[in-house]
Amino acid sequence: MDADILLEAGLLYLGDGEKPEIGNVAIRGQKIVAVGKFLIGKVKVRVDCKGLSVSPGFIDLHNHSDRGISRDNTRSAMNYLTQGCTTMLTGNCGSGPIDVDKYYSRLDDLGIGVNVAHLIPQGAIRDEVIGDEKRKATPEEIEQMRELMAKGMQDGAWGMSTGLIYVPSSFADTEELIELAKVVGEHNGIYASHIRGEGTQLLASVKEAIQIGQEGNLPLHISHFKSSGKSSWGLVRTAVEIIQEAKAKGQPITADQYPYAASSTSLSATTIPSWARAGGRKKTLERLASDTKESRRIRESIERKIELTDNGHRIQISRHRPRPDWAGMRLDEIAEQENMTPYDLIIHIEENGGASIVNHSINEDDVRYVMTLPWVATASDGSARIPSDEVPHPRSYGTFPRKIGFYAIREQNIPIEHAVRSSTGLPADIMGMTDRGYLREGFAADVVVWNEKEFIDTATFTDPHRYADGMVFIYVNGVPAMTHGKVTGALAGKALRHPTK
């Protein structure tokens, strides 16, 4: 077997969840041409992988790099490459570009560090057709949204996403979502959902998602599966029973998870109910300023959230542009420093443009349990970044080494081969990708070589801009993106169009 690159004598994790074996991987051009034991012919570059692990490049099913991947300073996606991630899925949580062909073409023209596949964001489509009004869509508006959905699928999208806690995605009722899901199902796409509630509403939200998958006749994928908030800890186990009952009846259902006991989103989405956010921040503040029953309802909801987050201590500011010095501080700490109540601080922040936050609201035992499930993939929910004065969630730098290096290798919470599959073959299967996610002959040469003893996340909640350790060689479509632990600067990623395109 002739090869441009021969990875020799590595411990091969094929992506199928089976125990690894020592073997070789031959790469020619953009493809893997041989795996395991085979006769070696002419080789241009030999890479000694003795003592190292070799696996498919990791696939991030839930990424928010829709903008970052097209910016000059982040299109290399260095914070993902150094984790071993070679493919990411954008368009999540109902947000992102809706002109799929334009988006893909721009990425191909720019050159990007990792491969990118895209979902059609339902929230952005609803905003295009209806705006951010809280009302039922008319039949004509549903038909317009169906047409936009169909065009996106024809242009190579892999499915549809919803973000049912965000405006205006949250204003769509179940029937509206089913109508859009039917279009996606006709084009062999998936339905990926940030469900309506991940707290005490978790079970009802999972049931709604299952109904959409059933009636839309397409696979359901639940994004960042968890039960959030102390009052709902443990509820995720009951949700699993509901899901597995539906799966036993033949419904295709999967999920993904980031391996952290904290989430991250905007302060408003965390503390203010979605119905109160209709029309945007200005309208929300007007409602709060009025002395009405509606205003009192909003205030009571915010105060309940403050109570559930230990007087705001579980909410950590990631970014508030007028006060960069608040980044990394907890809500109650800032309130004490500024001589304000946590409630007044939230209103003050909203009056000054809002904030991104990290919410320390997930139970560690739930995190460890969910990752044991064979149908739960690894996904970051992060984005392409470079170090800055912000203090974001560390998942943008550490998701995959945390799952594999910390939870599998060091904690032994799950087998290493299970953790690798959750990051490779499983996400490829979920998406319906037939040429990535496995070390197989004829598959794309997205391959990573890593040191099991050194592969670990270094990013923390107080110091998140830290790249992962332990990656040694990375190939994206057969092009070296890292050699001997040093990134090459290559931009060999591609826009991945759905095979029905």
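The values are calculated or read from the model by the stated rules, or taken from the named source; none is laboratory data. Remember, predicted model here, so these are calculated numbers, not experimental data. When we count neighbours, we look across all protein chains shown, and the Cβ atoms used for this are built from the backbone with ideal geometry, even at glycine. Accessible surface is based on the protein model in full, side chains and every heavy atom, while ligands, DNA and RNA are left aside. Shrake-Rupley method; radii C 1.70, N 1.55, O 1.52, S 1.80 Å.
The set of residues from region 297-307 being basic (Lys, Arg), within 30 Å of residue 394 (Cβ to Cβ) and open to solvent by 90 Å² or more (accessible area, probe 1.4 Å) comprises just one member, 304.
Does at least one position in region 29-46 carry a residue that is of a type outside the set (D, E, K, R) and under 30 Å from residue 120 (Cα atoms)? Checking region 29-46: at least one residue is of a type outside the set (D, E, K, R) and under 30 Å from residue 120 (Cα atoms). Residue count for region 124-146, restricted to those that are free of Cβ contacts under 8 Å to residues at least 40 places away in the same chain, part of a helix (DSSP H, G or I) and either under 14 Å from residue 90 (Cβ atoms) or under 27 Å from the mean Cα position of the chain (by Cα) (or both): 5. Right, residue 16: out of contact with any helix residue (DSSP H, G or I) (no Cβ under 7 Å at 6 or more places or on another chain), of a type in the set (Asp, Glu) and open to solvent by 40 Å² or more (accessible area, probe 1.4 Å) or not? Here the answer is no, as residue 16 does not meet what is asked.
All but one of (1) without any contact (Cβ under 8 Å) to a residue 40 or more places away in the chain; (2) open to solvent by 10 Å² or more (accessible area, probe 1.4 Å) hold for residue 149; state the number of the condition that does not hold. In the conditions (1) without any contact (Cβ under 8 Å) to a residue 40 or more places away in the chain; (2) open to solvent by 10 Å² or more (accessible area, probe 1.4 Å), residue 149 misses (2) alone.
Would you check if there is a residue in region 182-193 being surrounded by fewer than 23 Cβ atoms within 10 Å (Cβ to Cβ), out of contact with any strand residue (DSSP E or B) (no Cβ under 7 Å at 6 or more places or on another chain) and not in a helix (DSSP H, G or I)? Scanning region 182-193, I find at least one residue that is surrounded by fewer than 23 Cβ atoms within 10 Å (Cβ to Cβ), out of contact with any strand residue (DSSP E or B) (no Cβ under 7 Å at 6 or more places or on another chain) and not in a helix (DSSP H, G or I), so the answer is yes. The residues of region 374-406 that are touching a helix residue (DSSP H, G or I) at 6+ places or on another chain (Cβ under 7 Å) and over 18 Å from residue 69 (Cβ atoms), listed by number, are 376, 377, 378, 389, 403, 404.
Filtered by the rule that a residue be open to solvent by 20 Å² or more (accessible area, probe 1.4 Å) and in contact with a helix residue (DSSP H, G or I) (Cβ under 8 Å, 6 or more places away or on another chain), region 455-490 gives 456, 457, 458, 465, 466, 467, 469, 487.
The C-beta contact set for region 110-123 (first residue assigned to a helix (DSSP H, G or I), second residue polar (S, T, N, Q) and open to solvent by 10 Å² or more (accessible area, probe 1.4 Å), distance under 9 angstrom, 6+ apart or interchain) comprises 110/70; 123/95; 123/170. With a requirement of 2 or more residues that are of a type in the set (A, V, I, L, M, F, W, C) and open to solvent by 20 Å² or more (accessible area, probe 1.4 Å), none of the strands (runs of 3 or more DSSP E) lying completely within region 194-296 satisfies it.
The residues of region 353-393 that are touching a strand residue (DSSP E or B) at 6+ places or on another chain (Cβ under 9 Å) and under 21 Å from residue 87 (Cβ atoms), listed by number, are 371, 375, 376, 377, 378, 379, 380, 381, 382, 383, 384, 393.
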